[in-house]
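Derivation of every value follows stated rules applied to the coordinates shown; laboratory data play no part. Small disclaimer: the values here were computed from a predicted structure and weren't measured. Ideal geometry is used to build each Cβ from the backbone, glycine not excepted, and the neighbour counts take in all protein chains shown.
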Amino acid sequence: MKTRKLKAGKRLNRSWGMDIALFILIGGVASFMALPLVFTISNAFKPIDEIFQFPPKLIVRNPTFKNFSDLINIFSDSWVPFSRYVFNTFFITITGTVGHVILASAAAYPLAKIKFPGRNILFSIVVLSLMFTSYVTQVPNYMTISWLGLINTHWSIILPAFGMTLGLYLMKQFMEQIPDALLEAAKIDGASEYRIFWQIIMPIVKPAWLTLIIFSLQNLWTSGSVKYIYSEQLKTVDYVFGQVGAGGLVRTGPMSAVALLMLTVPVTVFIVTQSNIIQTMSTSGLKE
Amino acid sequence: MAPYFIIFITFTVLPVVMSLLLSFTNFNMLEPPTWAGWSNFTRLFVQDDVFMLALKNTLLFAAITGPVSYMACFLFAWLINEFPPKLRAVLTLILYVPSISGNTYLIWQLLFASDSYGFANAFLINWGFILEPIQWLQDPRYMLGILIIVQLWLSLGTSFLAFIAGLQNVDRSLYEAGAIDGVRNRWQELWFITLPAMRPQLMFGAVIQISIAFAVAEVSMQLLGFPSVDYAAHTVVTHLVDYGTIRFELGYASAIATVLFSIMLLTNLIIQTLLKKVGD
């Protein structure tokens with residue numbers, strides 16, 4: 001095989017022509033993908049006559065904040081203060097996500113890096129359960145939750161979220177890539193399993209758990225409390241916002257404001273986590 | 001490790017096992033289930049013509065969207081990976097947004113509206129290809145095709161994000177080593193270095209893509225109606241929803257789920273074997 005001399009400063013294996021072609025491809029696809037987002041944003045600021053205009057216009061012509069002020073009026077006289085719904089949603093989302101990320105990572109570490117009997121069977125069960133349709137497990141799930149006496153508590157949503165399969169599988173796949181030599185070196189230096197997990201494993205798989213935060217948040221943010229929770233003061237924001245829509249056609253304006261508001265938190269978290277996903281793997285100090 | 005698995009077994013494994021057992025019973029959710037042996041399965045394959053149609057639709061659908069989505073996820077993740085983190089985050093968001101925003105189907109309803117105002121119809125009429133509007137969402141000839149297109153558009157989801165994260169975990173020094181060893185362009189780099197280094201994420205993506213491709217239901221129900229005209233967009237899972245939530249035959253619905261589950265298992269087995277060969 002021929003060897004080439006590496007020029008300093010030049011990017012490896014990249015040509016400008018191909019770069020430009022690929023950039024145009026991404027741009028084209030992205031502009032089509034962005035349609036729902038643009039539509040949601042512009043709809044929220046449309047006055048009622050523009051919302052019902054047919055065929056609909058993508059861009060708003062007379063932007064107004066009326067939809068948002070209407071929304072505030074709707075909630076000003078509800079007997080459960082609106083902030084209570086907000087608290088419920090944040091409580092469920094934050095507790096569920098933090099718990100899931102920690103528990104799933106802690107379970108993934110031995111599964112990926114420690115050999116113990118039954119490991120492969122346990123792992124196949126995890127993968128297989130991802131493939132079972134959730135539609136039929138709903139009824140058995142309800143029964144389990146009711147046996148445990150969790151009906152009408154936030155834990156009926158949080159506890160199952162802790163055990164989501166996706167997270168374990170994702171974390172396990174990422175931890176597999178960590179070289180064993182790195183862990184052995186740490187052990188020789190006297191680090192405990194606990195310390196290896198928090199100070200070596202978790203920093204290396206940071207891209208994985210940042211991604212997992214998005215999945216978990218997306219799952220819990222609009223989890224819909226209707227199934228297991230019937231006390232009004234325990235219900236969540238997405239539920240009351242759904243009730244706004246149940247008010248019929250006149251509520252179409254506030255509903256489009258709702259659609260935008262519900263997107264703000266997931267989108268913000270998305271941007272923050274994604275821009276922090278950067279190179280972490282360091283093999284410095286490792287000679288194999 | 002123990003706390004996770006206790007929760008996982010209670011809320012995931014237990015319901016799956018219960019469903020598997022229920023598939024051998026008659027269960028209407030009001031009376032306790034009664035044992036039915038294999039009768040649900042024989043009925044499914046021998047008497048249920050609609051199921052056969054649903055199965056055909058699902059297999060065709062999965063055979064197209066599965067591989068294409070999978071490759072698209074990887075390709076876009078890989079291309080986007082070249083940008084600086086901030087710009088990459090924004091681009092990722094734009095490509096991922098169909099998966100988070102609630103009104104996704106609205107766009108497609110406008111595009112394929114049945115009157116001459118629908119974008120697709122308006123375009124074709126203006127250019128003289130057709131004389132009168134096509135009933136895109138009600139005509140059995142087009143429905144499965146539209147379902148496939150919309151699903152492809154939605155495909156940059158879970159595996160896409162997993163791939164983006166996975167690319168950051170590939171050791172940079174491997175690329176330098178590869179360049180010295182004679183890797184000449186980005187495509188060689190992809191095949192010889194990136195893909196083998198990302199095998200765990202590729203496995204993960206494959207499992208996710210299989211579970212999405214075979215379990216299609218939501219798009220069909222939202223966009224093409226439930227049940228759809230002539231069952232043209234009926235899939236295994238919409239069939240299951242029909243029996244589970246409308247006819248309350250949960251035993252039968254569980255049997256459908258069990259069949260689907262076995263198909264996915266088989267596919268997974270084949271794909272995992274193929275993936276072991278990548279980059280060799």
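Applying the criteria of a DSSP loop state and at most 16 other Cβ atoms within 10 Å to the chymotrypsin sites (Phe, Trp or Tyr not before Pro) of the stretch A:74-131 yields A:79. Applying a DSSP loop filter and a limit of 10 other Cβ atoms within 10 Å to the chymotrypsin sites (Phe, Trp or Tyr not before Pro) in the stretch B:83-130 leaves B:127, B:129.
Each Lys or Arg adds one and each Asp or Glu takes one away; over the other residues whose Cβ falls under 11 Å from the Cβ of residue B:226, this sums to -2.
If R0 is 22 Å, the Cβ-Cβ spacing of residue B:275 and residue B:173 corresponds to a FRET efficiency of close to 0.35. Largest GNM mean-square fluctuation across A:237, A:101, A:139, computed for chain A with C-alpha springs under 10 Å, falls on A:139.
Between the C-alpha center of the stretch B:54-125 and that of the stretch A:139-199 there is a gap of 32 Å.
Looking only at trypsin sites (Lys or Arg not before Pro) in DSSP loops with at most 12 other Cβ atoms within 10 Å, what is the longest site-free stretch of chain B? Mind showing how you got there, number by number?
Numbers: sites that count: B:184, B:247, B:276, B:277.
The segment B:1-183 is the longest one with no such site.
What distance in nm separates the simple spin-label points at residue B:35 and residue B:83, each placed 7 Å from Cα in the Cβ direction? Once both label points are built, they end up 6.1 nm from each other. In loop segments of the stretch A:110-169 as defined by DSSP, the trypsin sites (Lys or Arg not before Pro) with at most 11 further C-beta atoms inside 10 Å of their C-beta are A:115. The simple Förster model, with R0 at 45 Å and r as the Cβ-Cβ distance, assigns residue B:46 and residue A:34 a FRET efficiency of 0.40. Using a Gaussian network model of chain B in which every pair of alpha carbons under 10 angstrom is joined by a spring, one finds that among B:25, B:267, B:235 the greatest mean-square fluctuation is at B:267.
Based on the alpha-carbon gyration tensor of the protein assembly as shown and its eigenvalue square roots a ≥ b ≥ c, which shape applies: rounded if a/c is under 1.5, prolate if not and a/b is larger than b/c, or oblate? Don't skip to the answer; put the middle values down first.
Numbers: a/c = 1.38, a/b = 1.18, b/c = 1.17.
Here the protein assembly as shown falls in the rounded category.
Once you list every other residue whose beta carbon is under 15 Å from the beta carbon of residue A:187, what net charge do they have if Lys and Arg are +1 and Asp and Glu are -1? Overall, the nearby charge balance is -1.
Net length available on complete extension from residue B:248 to residue B:184 is 17.0 nm, with 0.36 nm assigned per residue and the Cα-Cα distance removed.
Amide H contacts of residue A:164: none lie under 5 Å away among residues 5 or more positions distant or on a separate chain (H built 1.01 Å from N in the peptide plane; Pro and chain starts excluded).
Applying 1/(1 + (r/R0)^6) with r as the Cβ-Cβ distance of residue B:28 and residue A:231 and R0 = 41 angstrom yields a FRET efficiency of 0.90.
Between residue A:78 and residue A:185, the contour length at 0.36 nm per residue exceeds the Cα-Cα span by 32.5 nm.
Helices that extend 27 Å or more along their long axis by alpha-carbon positions and average at least -1.0 on the Kyte-Doolittle scale are, among the DSSP H runs of chain A, A:82-113, A:252-275. Legend: distances between Cα atoms for A:113/A:206; A:113/B:277; A:115/B:276; B:56/B:277; A:206/B:86; pairs beyond 27 Å are B:56/B:277. Run the paramagnetic zone check for residue A:18: 7 angstrom along Cα to Cβ, then residues of the stretch B:81-102 with backbone nitrogen under 20 Å. Those under the cut-off are B:81-84.
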